[in-house]
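Novice: Once you've had a glance at the structure underneath, I'll fire off some questions.
A short reminder: the numbers here are calculations on the coordinates, not readings from a lab. The model shown is predicted, which means the values in this text are computed figures rather than measured ones. Note that each Cβ is placed from the backbone with ideal geometry, even for glycine, and that neighbours are counted across all protein chains shown.
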Amino acid sequence: MQLPRSQHLASELIWLDETTSTNDALRELVAANTEQPNRSVVVTQSQTAGRGRLGREWIAAPGKTLAISILLRNPAQSIGTSWVPLIAGSALRRGLATFLGSSEVALGVKWPNDVLASNATATNRKLSGILSEMLPDGSIIVGIGINIALTEAELPTPKATSLALLAPEQPIPDADAVVAGVLEELFGLLDAIDLGNDQHVKDIVTADSRTLGTQVRALLPGGAVIEGLAERLTGDGALVIIANGDHGSEPTEVVVAAGDIEHLR
Ligand code: BTN
């Protein structure tokens, strides 16, 4: 498939009719060529072994979803690479919002980077997810999965949604338009950091968050569970939760750098 707009934005754009995982395909390209350029992009509509965060699988119906992986060399040096997954979440939220037309859909980012959609009939349905992986040389692969044309019956879980379901009156966007929209936002935010506008980008990430200011349950990688108010981001982009005190004890601040967040209301 030809993706002319996306090709213009990426330094190299590789379309695959099918692959196991675009993150793995891009990792192999980098392993084979240490000079693989910054902002190389791999895209497919058919992944046979897509991977999600925290070791989960990413299930995506062929032809109705998009998988995009982007190679970032030395991104966001001034604020630190731990911000890159959060910035990618904001870029995705902004890129996808343009395909919803005038439909009454609110898109927000669940920390660290799931794009959730809410409208009159459904709340916090997952439209898109991101798996960011660091390579041994410090480069980052940002892997993005987007539910484009799935019907209700084709959703991988009842908590998911798709662009087609959110904006049924809109034409289903073509792959080039979606990839280009996301790349434009992501590269724009990364360029802003390179130009010194760190605080502006952090403010965008904060404004796009659906998590900050809400009651959450955090499931931590070791199995611990914390409930409380998601209050702010640290200088590294970790989530600060004011954990509810047990039996009248004082609330305590817990810094969550990795884990799964559930919004409680
Ligand atoms: C998540 O929500 O858990 C993250 C899902 C990330 C899926 C994308 S699809 C493109 C890239 N290739 C993969 O194998 N995973 C990511």
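Novice: Need at least 2 residues that are more than 25 Å from VAL255 (Cβ to Cβ) and of a type in the set (A, V, I, L, M) per element, so show me which helices (runs of 4 or more DSSP H) inside segment 111-212 make the cut, counting only ones lying wholly within it.
Specialist: 163-166, 175-194
Novice: Could you name every one of the helices (runs of 4 or more DSSP H) located completely within segment 1-98 that has at least 1 residues being more than 11 Å from the ligand (Cβ to nearest atom), under 29 Å from ALA257 (Cα atoms) and free of Cβ contacts under 8 Å to residues at least 24 places away in the same chain?
Specialist: 22-32, 84-97
Novice: Quick one: SER102 ticks every box in (1) surrounded by fewer than 16 Cβ atoms within 10 Å (Cβ to Cβ); (2) in contact (Cβ under 8 Å) with a residue 12 or more places away in the chain except a single one, so which number is it?
Specialist: Of everything listed in (1) surrounded by fewer than 16 Cβ atoms within 10 Å (Cβ to Cβ); (2) in contact (Cβ under 8 Å) with a residue 12 or more places away in the chain, SER102 misses just condition (2).
Novice: Which residues, taken from segment 119-162, are among the acidic types (Asp, Glu), more than 13 Å from VAL84 (Cβ to Cβ) and surrounded by 13 or more Cβ atoms within 10 Å (Cβ to Cβ)?
Specialist: GLU154
Novice: Restricting attention to segment 46-83, report how many residues are crowded, with 17+ Cβ neighbours inside 10 Å, closer than 27 Å to ASP174 by Cβ and of a type in the set (A, V, I, L, M).
Specialist: The qualifying residues number 8.
Novice: I need the full set of residues from segment 109-143 which are aliphatic (A, V, I, L, M) and under 18 Å from GLY259 (Cα atoms), in order please.
Specialist: Answer for segment 109-143, where residues must be aliphatic (A, V, I, L, M) and under 18 Å from GLY259 (Cα atoms): VAL109, VAL115, LEU116, ILE130, LEU131, MET134, VAL142.
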